[in-house]
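Visitor: The structure under discussion is supplied below as structure tokens; questions concerning it will follow.
The values are calculated or read from the model by the stated rules, or taken from the named source; none is laboratory data. Since the structure is predicted, the reported quantities are computational estimates derived from the model, not experimental observations. Note: ideal-geometry Cβ built from the backbone for every residue, glycine included; neighbour counts use all protein chains shown. All accessible areas refer to the heavy atoms of the entire protein, side chains included, with ligands and DNA or RNA removed. Shrake-Rupley method; radii C 1.70, N 1.55, O 1.52, S 1.80 Å.
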Amino acid sequence: MITLNGKTVCAGIAFGKIYIYSRSESKIIRRHVDDVNDELSRFESARQQAYDELGNLYEKALSEVGEENAMIFQIHQMMIEDDDYLESIKNIIADQSLNAETAVAQTCDTFADMFASMDDSYMKARAADVRDVSERIIGILSGSSKKAISADEPVIIVADDLAPSETVQFDKSAILAFVTEGGSASSHTSILARMMNIPALIGTANAVNEEYNGKPAIVDGFNGKVYIEPDEETTEKMNKRADEVKRQREMLLKLRGVKSVTKDGQKIELCANIGNVSDIGSVLNNDAEGIGLFRSEFVYLESHDYPSEDVQFGVYKEVLSKMAGKRVIIRTLDIGADKQVDYFNMPKEENPAMGIRAIRICLQRPEIFKTQLRALYRASIFGKLAIMFPMIASEWEIVKILEIVDEVKSELESEGIKYSKNIELGCMIETPAAAVISDILAKYLDFFSIGTNDLTQYTLAADRQNPEIGPFCDTHHRAILRLINMVVKNAHANNTWVGICGELGADMELTETFLSIGVDELSVTPSAILPIRQKVLDTDVSSIREKIIAEL
């Protein structure tokens, strides 16, 4: 038996044969072309086909892993339409009379090297995206397509790494688990694997070995192990663990309809994070008590121009209606940093995570903000709406937001348009500044929602998207927990409730801590709701609160 060690990005147990996945790279032969115009047309045809293929992958990902994770394919489509990228390819064809394959490959190398050399980790990650997009175009030009899985039964995919397009285009029913040598916990592929609920390991050294191809194996996604040709004792142990996991899942289904209340009677709301109306089925199937984060920016990301008030109204009305009276917190436009929209014509920034993004865009361009607020207020009569403002850092921002909200309400009243008078207003706490002045902000607002992803990276000065930063980005850092505790205290002193909508909300190692601190709501991926509910039901907060608070 051979044992390999990796890092878990999605837990679970998988039994099956190993399938070593190796992509077939197109061989590029540098050729001189006689008719430059024909070659430019040939490239344009391949580019359009690649664009259409990415659109199909987006639709497939949308149905399998949700809007937020499908967005990578829209980003790839934007890359294929990038003026600088296209100009470079066309210039090489036209000026040097070279074939399109060579022009794309040369441009790919130039852009990928440029991104890889940047200090910003988000921009570094774009190097892999440029290569993925370019390889797709070259494959179309050369007549070679992405390699599919050729196996008679479901298999454990082992690879050096996997591009998002490869992960999504696989037939899900043919895959038992992913094991890769590279990758990071925050990579698109890791996120997709978690959303697909397929056991996955990354950083598995020496996994890609042709000698392992076809051999029986067990992936232990709980402990980050791969057992190749497992012995009888290991097989029996893993079978028992798999049976236990199955029983636990069946038991969790019985928790639908059960209130999320601890043994000593402390209530907490368990809600869902979503990015599209199509995700509501998963929200309801997992018995979420509401939607704690509806990412409205996807209305903008899906559009080729600023979405109108009526278009936005239709989306918000649908989500509120389908949630049938359960609270829906809709976050206002949150683009910038890793979510760019071409038609906003945002200037390029050296450090976009710290630049003009989210509420800063809305306050600089109030006409866009008012359009969204009008749509939200119009839709409010169709359900229980709460509105949340992202990326707050100062009191004046909240004051200005409330002035604009009052303007919108006055306009609607003058036009005879009805809206709910019971809309809760809140803000994200994702900057250390907002956490420190949360006592001041709470006087203006009904609730806070702590975005632990950004709060962690801003507090620790550690980019969570950078795979090299891992040991320096401790999500359980005492500073983060102390900030959360401070926010809850300040909020409750002002009759403001507090939720957590970042990834930390689903970390069950911290559920007892959040209960002890007094967090009122957790908003997580729909599939995490029932396991957390079980944890809540099993907890007696009164017996642990004093000890946990003392350790902060």
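Visitor: Can you give me the number of residues within region 473-505 that are within 15 Å of V524 (Cβ to Cβ) and among the acidic types (D, E)?
Guide: Qualifying residue count, region 473-505: 1.
Visitor: Then there is this: It is to be established whether one or more residues within region 196-203 are out of contact with any Cys (no Cβ under 9 Å at 6 or more places or on another chain), at positive phi and either modelled with pLDDT under 95 or surrounded by 15 or more Cβ atoms within 10 Å (Cβ to Cβ) (or both).
Guide: yes
Visitor: Only one of these is open to solvent by 70 Å² or more (accessible area, probe 1.4 Å) and either under 22 Å from L376 (Cβ atoms) or at pLDDT 95 or above (or both): K322, K348, K339. Name it.
Guide: K322
Visitor: Please find, within region 8-23, the residue that is modelled with the highest pLDDT out of those that are within 17 Å of T167 (Cβ to Cβ) and open to solvent by 30 Å² or more (accessible area, probe 1.4 Å). Show your work before the answer.
Guide: Pass one, region 8-23, residues within 17 Å of T167 (Cβ to Cβ): 8-10, 12, 14, 19-23.
Okay, now just the ones that are also open to solvent by 30 Å² or more (accessible area, probe 1.4 Å), so 8, 22-23.
Working: T8: 88, S22: 77, R23: 66.
Top of the filtered list is T8.
Visitor: Considering only region 360-390, how many residues are touching a strand residue (DSSP E or B) at 6+ places or on another chain (Cβ under 8 Å) and in contact (Cβ under 8 Å) with a residue 60 or more places away in the chain?
Guide: 8
Visitor: OK, next. Residue under question is V283, and the condition is that it be under 19 Å from S527 (Cβ atoms), at pLDDT below 95 and either in a helix (DSSP H, G or I) or under 16 Å from the mean Cα position of the chain (by Cα) (or both); does it hold? So that I can check it myself, show each step before the final result.
Guide: Values: under 19 Å from S527 (Cβ atoms): yes; at pLDDT below 95: yes; either in a helix (DSSP H, G or I) or under 16 Å from the mean Cα position of the chain (by Cα) (or both): yes.
Here the answer is yes, as V283 does meet what is asked.
Visitor: From D34, D38, grab the single residue that is in a helix (DSSP H, G or I) and either open to solvent by 70 Å² or more (accessible area, probe 1.4 Å) or at pLDDT 90 or above (or both).
Guide: So the residue among D34, D38 that is in a helix (DSSP H, G or I) and either open to solvent by 70 Å² or more (accessible area, probe 1.4 Å) or at pLDDT 90 or above (or both) is D38.
Visitor: Shifting gears a bit: Answer yes or no: is there a residue in region 368-379 that is under 23 Å from E403 (Cβ atoms) and part of a loop (DSSP other than H, G, I, E, B).
Guide: Narrowing region 368-379 to residues under 23 Å from E403 (Cβ atoms): 368-379.
Narrowing further to those that are part of a loop (DSSP other than H, G, I, E, B): none.
Checked region 368-379: no residue is under 23 Å from E403 (Cβ atoms) and part of a loop (DSSP other than H, G, I, E, B).
Visitor: Of all residues in region 243-262, which are within 26 Å of the chain's Cα centre (by Cα), open to solvent by less than 50 Å² (accessible area, probe 1.4 Å) and within 16 Å of E289 (Cα to Cα)?
Guide: Listed by number, the residues that qualify are L252, S260.
Visitor: Looking only at residues in region 265-278 that are outside any loop (DSSP other than H, G, I, E, B) and out of contact with any Gly (no Cβ under 9 Å at 6 or more places or on another chain), which one is modelled with the highest pLDDT?
Guide: Going through the qualifying residues, I end up with K267.
Visitor: Let me ask another. Out of region 79-117, which residues are without any contact (Cβ under 8 Å) to a residue 24 or more places away in the chain and not in a helix (DSSP H, G or I)?
Guide: D82, S117
Visitor: Could I ask something else about it? What number of residues within region 498-552 are charged (D, E, K, R), surrounded by fewer than 18 Cβ atoms within 10 Å (Cβ to Cβ) and under 16 Å from D264 (Cα atoms)?
Guide: Residues that pass the stated criteria total 4.
Visitor: Could you list, in sequence order, all residues of region 230-240 that are part of a loop (DSSP other than H, G, I, E, B) and either free of Cβ contacts under 8 Å to residues at least 12 places away in the same chain or in contact with a strand residue (DSSP E or B) (Cβ under 6 Å, 6 or more places away or on another chain) (or both)?
Guide: P230
Visitor: Here's something else I'd like to know. Determine which member of the set N490, N485, N494 is more than 21 Å from G275 (Cβ to Cβ) and touching a Gly at 6+ places or on another chain (Cβ under 9 Å).
Guide: Among N490, N485, N494, only N485 is more than 21 Å from G275 (Cβ to Cβ) and touching a Gly at 6+ places or on another chain (Cβ under 9 Å).
Visitor: Further, regarding this structure: Any residue at all in region 256-265 that's more than 20 Å from L537 (Cβ to Cβ), of a type outside the set (K, R), in contact (Cβ under 8 Å) with a residue 60 or more places away in the chain and in contact with a strand residue (DSSP E or B) (Cβ under 8 Å, 6 or more places away or on another chain)?
Guide: Step one: list which residues in region 256-265 are more than 20 Å from L537 (Cβ to Cβ), which gives none.
No, because not a single residue in region 256-265 is more than 20 Å from L537 (Cβ to Cβ), of a type outside the set (K, R), in contact (Cβ under 8 Å) with a residue 60 or more places away in the chain and in contact with a strand residue (DSSP E or B) (Cβ under 8 Å, 6 or more places away or on another chain).
Visitor: Does region 489-502 contain at least one residue that is under 23 Å from L252 (Cβ atoms) and more than 21 Å from the chain's Cα centre (by Cα)?
Guide: Within region 489-502 (the criterion being under 23 Å from L252 (Cβ atoms) and more than 21 Å from the chain's Cα centre (by Cα)), the answer is no, since none of the residues qualifies.
Visitor: Would you confirm whether or not region 207-222 contains a residue that is open to solvent by 70 Å² or more (accessible area, probe 1.4 Å), in contact with a helix residue (DSSP H, G or I) (Cβ under 9 Å, 6 or more places away or on another chain) and either closer than 30 Å to K384 by Cα or outside any strand (DSSP E or B) (or both)?
Guide: Checked region 207-222: at least one residue is open to solvent by 70 Å² or more (accessible area, probe 1.4 Å), in contact with a helix residue (DSSP H, G or I) (Cβ under 9 Å, 6 or more places away or on another chain) and either closer than 30 Å to K384 by Cα or outside any strand (DSSP E or B) (or both).
Visitor: On to the next question. Has region 24-33 got any residue that is in contact with a strand residue (DSSP E or B) (Cβ under 8 Å, 6 or more places away or on another chain), within 30 Å of R241 (Cβ to Cβ) and among the charged types (D, E, K, R)?
Guide: no
Visitor: Another question, if that's okay. Can you pull out every residue in region 429-443 that is touching an Asp or Glu at 6+ places or on another chain (Cβ under 8 Å) and of a type outside the set (V, I, T)?
Guide: E430, L441
Visitor: Given (1) at pLDDT 90 or above; (2) crowded, with 20+ Cβ neighbours inside 10 Å, identify the lone condition not met by S88.
Guide: S88 satisfies all of (1) at pLDDT 90 or above; (2) crowded, with 20+ Cβ neighbours inside 10 Å except (2).
Visitor: Sticking with this one: Quick check on this structure: which one of T234, T262 is at pLDDT 95 or above, in contact with a Phe, Trp or Tyr (Cβ under 7 Å, 6 or more places away or on another chain) and of a type in the set (V, I, T)?
Guide: On the way: T262 fails: in contact with a Phe, Trp or Tyr (Cβ under 7 Å, 6 or more places away or on another chain).
Residue meeting the stated conditions: T234.
Visitor: If we keep just the residues of region 399-443 that are of a type in the set (G, A, S) and open to solvent by less than 60 Å² (accessible area, probe 1.4 Å), which is farthest from H492 (Cα to Cα)?
Guide: Among those that are of a type in the set (G, A, S) and open to solvent by less than 60 Å² (accessible area, probe 1.4 Å), it is S420.
Visitor: Another question, if that's okay. Restricting attention to region 474-497, which residues are of a type outside the set (S, T, N, Q), free of Cβ contacts under 8 Å to residues at least 60 places away in the same chain and surrounded by 17 or more Cβ atoms within 10 Å (Cβ to Cβ)?
Guide: I480, L483, I484, M486, V487, V488, A491, W497
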